[in-house]
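Structure, as structure tokens:
The values are calculated or read from the model by the stated rules, or taken from the named source; none is laboratory data. What you are looking at is a predicted structure, and each value in this text was computed from that prediction instead of being measured. Note that each Cβ is placed from the backbone with ideal geometry, even for glycine, and that neighbours are counted across all protein chains shown. Just the protein is used for accessible areas: all its heavy atoms, side chains included, with ligands, DNA and RNA removed. Shrake-Rupley method; radii C 1.70, N 1.55, O 1.52, S 1.80 Å.
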Amino acid sequence: QVQLVESGGGLVQPGGSLRLSCAASGRILRIKTMGWYRQAPGKQRELVATIPTDGRTNYADSVKGRFTISRDAAKNTVYLQMNSLKPEDTAVYYCNAEAITIAIMLYTDYWGQGTQVTVSS
């Protein structure tokens, strides 16, 4: 199994910044893609940003130019730097990893427990 532990959420004013972190642990053989998704109240979970092993990032149009995803492969950790935050960015942010483990020799999606980000004055 893979455990994903997120940190860095909180309350911030519009225009402010937050940095989310997510560390993966467990009997991991390889992680292919890591990413961030979010779910606002009453809405479906949506992609925020992903970063595969080749480093080619992908962003939702709504966060391009404001959010930056990065990855430390040696630490199995992914980060999300969020700048110029808006009230509509308020959501629970979930970390995702597509990984192969010793127990499951197929790429499988794993999810963190989520961290709340609230943008409000």
* Quickly run through region 90-119 and pick out the residues that are open to solvent by 20 Å² or more (accessible area, probe 1.4 Å) and among the aliphatic types (A, V, I, L, M). => V92, I100, I102, A103, I104, M105, L106
* Structure fact -> Restricted to region 8-53 and to residues being more than 10 Å from the chain's Cα centre (by Cα) and hydroxyl-bearing (S, T, Y), the residue nearest to T77 (Cα to Cα) is S25
* To do: Hey, could you check region 54-74 for residues that are in a helix (DSSP H, G or I) and at pLDDT 95 or above and say which is surrounded by the fewest Cβ atoms within 10 Å (Cβ to Cβ)?
  => D61
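Filter region 75-89 down to residues that are open to solvent by 10 Å² or more (accessible area, probe 1.4 Å) and part of a strand (DSSP E or B) and give me whichever is farthest from Q1 (Cα to Cα). Please lay out each step first, then the result.
Applying the first criterion (open to solvent by 10 Å² or more (accessible area, probe 1.4 Å)) to region 75-89 yields 75-77, 79, 81, 83-84, 86-88.
When the remaining residues are screened for being part of a strand (DSSP E or B), the result is 77, 79, 81.
Details: T77: 16, Y79: 21, Q81: 27 Å.
Of everything passing the filter in region 75-89, Q81 is farthest from Q1 (Cα to Cα).
Looking at region 83-121 only, could you name the residues that are small (G, A, S) and under 17 Å from the mean Cα position of the chain (by Cα)? Working first, answer last.
Within region 83-121, the subset small (G, A, S) is 84, 91, 97, 99, 103, 112, 114, 120-121.
Within region 83-121, A91, A97, A99, G112, G114 meet the criteria.
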